[in-house]
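Before any comments, here is the structure.
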Amino acid sequence: MATIAEQLAQVRARIDKACGRADRAPGCVALMAVSKTFGAQAVLAAAQAGQRSFGENYLQEAVDKMAAVQTLAPALAGQLVWHCIGPIQSNKTRLVAEHFSWAHTIDRLKIAQRLSDQRPQDMLPLNVCIQVNVDGGANKSGVPPEQALELARAVAQLPRLVLRGVMAIPEPAPDFAAQLAVHQRVRAVFDAIAASGPQGLEHFDTLSLGMTGDLEAAIAAGSTLVRVGSGIFGARPPQAAAT
């Protein structure tokens with residue numbers, strides 16, 4: 001069985017190869033390791049292999065994991081960047097505001113306002129992305145594409161947030177062409193927001209798009225950050241109810 005370090009190297013090689021095929025510069029696509037449901041030891045194994053960005057869905061689990069990593073390897077823990085990539089409920093915004101560097105799932109102004117209000121003054125502003133529901137699924141989080149620009153403009157004015165980009169989690173598609181088509185729709189939303197003007201968009205540079213099964217198509221569409229979980233850590237363990 002391959003180690004986390006070996007699987008991480010394989011994913012990085014996939015990213016580099018996909019960048020080459022898309023005629024994109026090496027190093028232009030960042031990698032987030034999605035560590036939800038995996039413990040602190042798995043995070044440390046990836047961190048010791050050079051990984052620095054980690055994505056979490058379940059907020060209390062994530063906060064506990066951050067504390068465990070800090071206890072086990074304090075010097076290394078200080079180099080890690082934690083991304084919230086799960087839905088954010090109103091009663092959980094403080095956990096995100098106080099513990100994460102990024103929140104990728106902003107789809108309501110109310111949530112963004114709470115994150116800004118609750119971000120501690122001694123921390124850097126919280127980096128955020130607008131989540132877009134590009135498929136239109138009734139049960140999926142995300143703002144409809146036609147409402148993304150309005151939300152982005154409002155979020156960009158909040159004082160303790162920095163609007164960094166757009167994020168999407170499309171439904172699985174059967175082949176590369178279908179994956180590319182849906183990813184290009186997300187890229188179009190990103191481009192429309194970027195073209196709307198510089199006010200509050202000085203750091204708008206992130207298209208958070210693509211996972212283990214479709215990262216090649218996402219990179220071809222212009223993704224700057226891919227989110228990979230099983231490709232690095234393997235199959236996920238059974239998960240009890242978490243928040």
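Worth pointing out:
- Per-residue [θ]222 nm for the chain (sum of -39500 (n - 2.57) over DSSP H runs n ≥ 4, rounded to 500): -12500 deg cm²/dmol
- Overall, region 4-233 carries a charge dipole of about 240 debye about its Cα centre when +1 sits on the Cβ of Lys and Arg and -1 on the Cβ of Asp and Glu, all other atoms neutral.
- Placing a label point 7 Å from the Cα of D135 along the Cα-to-Cβ direction, the residues of region 144-178 whose backbone N falls under 18 Å from that point are 144-146, 167-178.
- Taking a straight Cα-Cα cut-off under 25 Å and skipping sequence neighbours fewer than 8 places away in the same chain, the lysines within cross-link reach of K110 are K92, K140.
- With a simple spin-label model that places each label point 7 Å from the Cα along the Cα-to-Cβ direction, the separation between H203 and A68 comes to 3.0 nm.
- Computed Rg/Rh of the chain, alpha carbon atoms with Kirkwood Rh: 0.94
- Note on region 121-201: dipole from Cβ charges, positive end direction compared against I193, Q121, L163; the farthest Cα belongs to Q121.
- Relative packing of 114-127, 14-27, 163-176, which averages over residues the other C-beta atoms within 10 Å, highest first: 163-176, 114-127, 14-27
- Summarising the label geometry, the points placed 7 Å from Cα in the beta-carbon direction at L149 and A181 lie 2.5 nm from one another.
- Dipole axis of the chain (+1 Lys, Arg; -1 Asp, Glu on Cβ), positive-most option in P26, T224, G50: G50
- Once C-alpha pairs closer than 8 Å and six or more residues apart are averaged by separation and normalised to the residue number of the chain, the relative contact order reads 21 percent.
- Global size of region 1-109: 15.2, 45 Å for Rg and Dmax (C-alpha atoms, Rg to one decimal, Dmax whole).
- Projecting label points 7 angstrom from Cα along Cα→Cβ for K17 and S90 puts them 4.8 nm apart.
- Estimated at 0.36 nm per residue, the fully extended path between Q48 and A5 surpasses their Cα-Cα distance by 14.7 nm.
Throughout, read-outs are computed from the coordinates displayed, never taken from laboratory work. All figures in this text were calculated on a predicted structure; none of them were measured in a lab. Counting neighbours? That spans all protein chains shown, and the Cβs are built from the backbone with ideal geometry, glycine included.
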